[in-house]
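Before any comments, here is the structure.
The values are calculated or read from the model by the stated rules, or taken from the named source; none is laboratory data. Predicted model, so just to flag it, every value in this text is computed and none were measured. FYI the Cβ positions are ideal-geometry reconstructions off the backbone, even for glycines, and counts take in every protein chain you see. Just the protein is used for accessible areas: all its heavy atoms, side chains included, with ligands, DNA and RNA removed. Shrake-Rupley method; radii C 1.70, N 1.55, O 1.52, S 1.80 Å.
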Amino acid sequence: MDLETGVNQNRVKKESWKTILTLAYQSLGVVYGDLSTSPLYVYKSTFAEDITHSESNEEIYGVLSFVFWTLTLVPLLKYVFIVLKADDNGEGGTFALYSLLCRHAKVNSLPSCQLADEDLSSYKKDNIISPAPTTFGATLKSTLERHRVLQRFLLILALIGACMVIGDGILTPALSVFSAVSGIELAIGKEHHKYVEVPLTCVILIALFALQHYGTHRVGFLFAPVVIIWLMCISALGVYNIIKWDRHVYRALSPYYMYKFLKKTQREGWMSLGGILLCITGSEAMFADLGHFSQLSIQIAFTFMVYPSLILAYMGQAAYLSQHHVIESESYGIGFYVSVPEILRLPVLVIAILAAVVGSQAIITGTFSIIKQCSSLGCFPRVKIVNTSSKIHGQIYIPEINWTLMLLCLAVTIGFRDTKRMGNASGLAVITVMLVTTCLMSLVIVLCWRKSVLLALCFVIFFGAIEALYFSASLIKFLEGAWVPIVMAFAFMIVMCIWHYGSLKKYEFDVQNKVSVEWLLSLGPSLGIVRVRGIGLIHTELVSGIPAIFSHFVTNLPAFHQVLVFLCVKSVPVPHVKHEERFLVGHIGPREYRIYRCIVRYGYRDAHKDDSEFENDLVCSIAEFIRTGKMGLNVNGEDLRKDFENLTVVGTPSTHLSGVQLCEDEDVSAELVGTSERKEILSPRVTKPKKRVRFVIPESPKIDRSAQEELRELMEAREAGIAYILGHSYVRAKQGSSLFKKIAINFGYDFLRRNSRPPTYTLSVPHASTLEVGMVYNV
């Protein structure tokens with residue numbers, strides 16, 4: 001799917017059945033790899049310690065009944081038929097729900113939000129209508145908007161879900177691959193398998209993470225066939241075992257067997273629910289990966305392929321175990337491979353390992369995606385994000401996160417060495433994400449769908465009770481592995497909260513100390529210094545006003561560029577911003593000052609441009625703004641907080657082909673002229689064979705002479721080169737701050753800032769074209 005059209009493919013009404021079925025086929029490899037491999041470890045984890053398999057078969061039938069109804073109620077009913085409908089312009093996941101709530105209740109955690117953002121087509125696509133003042137929805141909305149504590153709680157709830165998804169990205173590959181490899185015990189014997197399982201698992205995991213930078217698009221076409229072969233394999237084995245061992249096993253699907261199971265096993269049965277829970281691991285991926293496919297395609301793939309295959313697999317295992325109460329390999333226990341005929345164990349082992357790798361790949365990619373969303377919304381330090389495919393939407397690679405996940409995944413594998421503790425850890429991470437989704441969905445039902453509060457209560461009580469039961473059973477295993485996701489989530493949570501808190505304080509300092517327009521106007525058109533050819537691109541996080549650091553530039557530099565652009569690259573709480581709405585451009589001060597503000601808006605799932613194309617798009621957007629004649633009104637020195645009304649929405653050059661286009665021609669004969677000061681401040685690119693820049697302007701409508709002169713100066717400045725002027729901030733807690741604030745800002749935030757990417761890393765700024773001025777922020 002193209003990045004530009006990936007979102008539109010989520011509109012079912014525009015899709016043909018051929019497209020829907022193609023997407024359903026592709027979703028099997030991307031979405032369901034994790035869920036489809038759960039039969040490898042569910043029974044083994046359930047019967048690991050708490051309960052035993054007796055001659056009466058009440059335990060195995062009770063577990064089968066729990067598995068059937070859990071798969072039916074949570075993935076099928078909750079996710080497929082309810083949660084998938086709560087998409088954010090085609091996107092899904094925890095942050096999609098949070099983004100929906102941000103727009104409907106105005107509880108956005110991003111400090112740089114503007115009224116102009118609400119005019120985005122994707123922002124308004126939900127047809128946001130305020131609930132009637134007398135309804136409970138209106139009361140809830142106003143309560144959320146008034147109380148900052150509730151807004152922070154909502155953000156923390158979303159971050160907990162994100163942290164547990166990251167934890168799942170560490171635990172799931174270890175559990176899936178180790179469970180698949182564990183079948184080797186039945187092939188090589190008890191005395192040798194322990195020397196093979198862990199090393200082989202580690203080798204597979206290292207290879208999996210080492211190949212991430214190539215992207216999944218190179219081998220992605222293999223994912224769906226692997227999962228389909230695996231699902232057909234476990235379905236066939238299930239049917240074989242049912243026919244051969246117990247044709248009446250279907251009776252165990254009755255809820256009555258759950259009652260008999262709990263009545264007999266009592267506390268031990270409740271504790272074993274942590275193993276049964278693993279049958280729905282990967283269900284959240286149906287919602288999280290919604291942006292890659294369509295709602296209908298995911299529903300079709302699960303309902304008609306994945307769900308029946310899993311039910312047959314679990315029924316087949318139960319049928320085999322109902323007739324085998326003494327397992328030959330006691331060390332292996334009640335696992336998946338004991339129900340596989342001996343002649344088929346080796347090929348099934350190979351298919352299982354491939355399916356486990358596919359499932360692990362999906363959760364790793366999902367982890368990259370959730371971290372990108374957190375970073376875009378200001379809740380995670382800036383990291384290097386590499387788009388591994390220009391055609392497949394959402395395929396990204398984050399080197400720092402990839403190697404961190406690999407090390408933690410290997411540590412879990414080597415430290416635990418058994419599926420029991422890995423399952424306890426993975427189960428807690430999975431059920432926590434589901435609980436967060438249930439809580440956020442109940443708010444979406446009231447605030448976004450404007451349904452009855454009774455319906456929201458029924459949703460949260462029904463599904464919340466089921467998930468709370470499993471959550472309690474997982475939490476009781478804290479000392480037996482469940483502590484791992486809690487510790488991991490806590491560590492990531494501290495990082496996210498400190499980064500968000502520090503960024504918020506830094507932005508508040510910028511707002512409080514921004515320079516007034518009166519000061520700028522008092523300098524005159526030349527700003528009191530020599531204006532030389534070129535474009536000065538001043539990066540700022542402010543969407544209005546002049547940053548305080550600009551006064552440092554003016555007082556410390558003997559010369560400045562003839563064209564100044566205050567550039568703000570910001571994220572908005574929508575998944576995608578159309579190219580037609582990418583730029584907001586306006587004047588700062590009178591036209592003759594040649595000072596512009598340009599705000600570049602990205603959604604939390606958008607790919608940032610990382611090459612010189614961004615520079616050309618930026619210059620063209622300013623040229624198109626000049627040509628259209630929609631000028632700012634700050635001539636009288638009004639407060640720039642009113643600047644929102646004066647900014648014009650301008651698309652990228654590809655969206656206004658009838659507008660201004662930029663052309664560059666090599667001019668070998670051109671010579672560099674100018675003062676030595678200009679040579680120092682401009683990009684060294686001007687010392688190479690010079691590129692002559694020209695604007696292609698449509699003949700109509702005619703533009704006035706002042707606009708022509710302004711375009712000519714912009715063209716000359718672009719030809720001379722672009723210099724990036726950056727403010728290097730040192731954030732410190734001011735005197736008198738609390739001990740907590742000093743630790744968070746002076747140590748935590750400072751450490752994260754020094755070890756994260758700079759604000760302009762996405763712009764691929766040439767190192768020799770930058771100028772940095774340091775400034776201490778006492779927040």
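The rows are residues; the columns are (1) out of contact with any Phe, Trp or Tyr (no Cβ under 7 Å at 6 or more places or on another chain); (2) within 17 Å of Phe614 (Cα to Cα); (3) modelled with pLDDT of 85 or more; (4) part of a loop (DSSP other than H, G, I, E, B).
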residue	(1), (2), (3), (4)
Ile725	no, yes, no, no
Ile743	yes, no, yes, no
Phe747	yes, no, yes, no
Arg757	yes, no, no, yes
Val765	no, yes, no, yes
Glu772	yes, no, no, no
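Can you name the residue in the range 578-609 that is of a type in the set (D, E, K, R) and within 13 Å of Ile626 (Cα to Cα) and, of all such residues, is surrounded by the fewest Cβ atoms within 10 Å (Cβ to Cβ)?
Per the criteria, the residue is Glu592.
Which of the residues spanning the range 25-57 are β-branched (Val, Ile, Thr), more than 28 Å from the chain's Cα centre (by Cα) and outside any loop (DSSP other than H, G, I, E, B)?
Of everything in the range 25-57, those that are β-branched (Val, Ile, Thr), more than 28 Å from the chain's Cα centre (by Cα) and outside any loop (DSSP other than H, G, I, E, B) turn out to be Val42, Thr46.
Suppose we keep only residues that are open to solvent by less than 10 Å² (accessible area, probe 1.4 Å) and in a helix (DSSP H, G or I) within the range 101-136. Which one would you say is modelled with the highest pLDDT?
Of everything passing the filter in the range 101-136, Leu101 is modelled with the highest pLDDT.
Tell me which of these Ala319 doesn't satisfy, since it passes every other one: (1) modelled with pLDDT of 80 or more; (2) open to solvent by less than 10 Å² (accessible area, probe 1.4 Å); (3) under 30 Å from Gly366 (Cβ atoms).
It is condition (3) that Ala319 fails.
For Gly536, state whether it is small (Gly, Ala, Ser), more than 30 Å from Arg103 (Cα to Cα), crowded, with 22+ Cβ neighbours inside 10 Å and in contact (Cβ under 8 Å) with a residue 12 or more places away in the chain.
yes
If Phe380 passes every condition in (1) more than 20 Å from Glu91 (Cβ to Cβ); (2) in a loop (DSSP other than H, G, I, E, B) but one, which one does it miss?
(1)
Working carefully through the options Leu101, Leu97, Leu71, Leu77, find the one that is under 31 Å from the mean Cα position of the chain (by Cα) and free of Cβ contacts under 8 Å to residues at least 24 places away in the same chain.
Of the residues listed, the single one that is under 31 Å from the mean Cα position of the chain (by Cα) and free of Cβ contacts under 8 Å to residues at least 24 places away in the same chain is Leu77.
Filter the range 235-282 for residues that are outside any helix (DSSP H, G or I) and surrounded by fewer than 15 Cβ atoms within 10 Å (Cβ to Cβ); which is modelled with the lowest pLDDT?
That would be Gln266.
Residues are listed down the side, and each one gets a yes or a no for (1) under 21 Å from Ala288 (Cα atoms); (2) surrounded by fewer than 21 Cβ atoms within 10 Å (Cβ to Cβ); (3) over 20 Å from the mean Cα position of the chain (by Cα):
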residue: Arg382; (1), (2), (3): no, yes, no
residue: Ile385; (1), (2), (3): yes, no, no
residue: Leu410; (1), (2), (3): no, yes, yes
residue: Ile414; (1), (2), (3): no, yes, yes
residue: Val430; (1), (2), (3): yes, no, no
residue: Leu440; (1), (2), (3): yes, no, no
residue: Val446; (1), (2), (3): no, no, yes
residue: Trp449; (1), (2), (3): yes, yes, yes
residue: Cys458; (1), (2), (3): no, yes, yes
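If Gly427 meets every condition in (1) more than 16 Å from Leu278 (Cβ to Cβ); (2) part of a helix (DSSP H, G or I) apart from one, which number is that one?
For Gly427, the exception is condition (1).
Could you tell me whether Phe492 is surrounded by fewer than 18 Cβ atoms within 10 Å (Cβ to Cβ) and part of a helix (DSSP H, G or I)?
no
Being of a type in the set (Ser, Thr, Tyr) and more than 19 Å from Ser176 (Cβ to Cβ), is that true of even one residue in the range 449-470?
So far as the range 449-470 goes, yes, one or more of its residues are of a type in the set (Ser, Thr, Tyr) and more than 19 Å from Ser176 (Cβ to Cβ).
Restricting to the range 283-316, name every residue that is small (Gly, Ala, Ser) and open to solvent by 20 Å² or more (accessible area, probe 1.4 Å).
Across the range 283-316, the qualifying residues are Ala285, Ala288.
Need the failing condition index for Ile722 against (1) touching a residue at least 12 places away in the same chain (Cβ under 8 Å); (2) open to solvent by 10 Å² or more (accessible area, probe 1.4 Å), just the number.
It is condition (2) that Ile722 fails.
Given the conditions (1) under 30 Å from Asn616 (Cβ atoms); (2) at pLDDT 80 or above; (3) surrounded by fewer than 16 Cβ atoms within 10 Å (Cβ to Cβ), and given that Ser738 satisfies all but one, which numbered condition is not satisfied?
(1)
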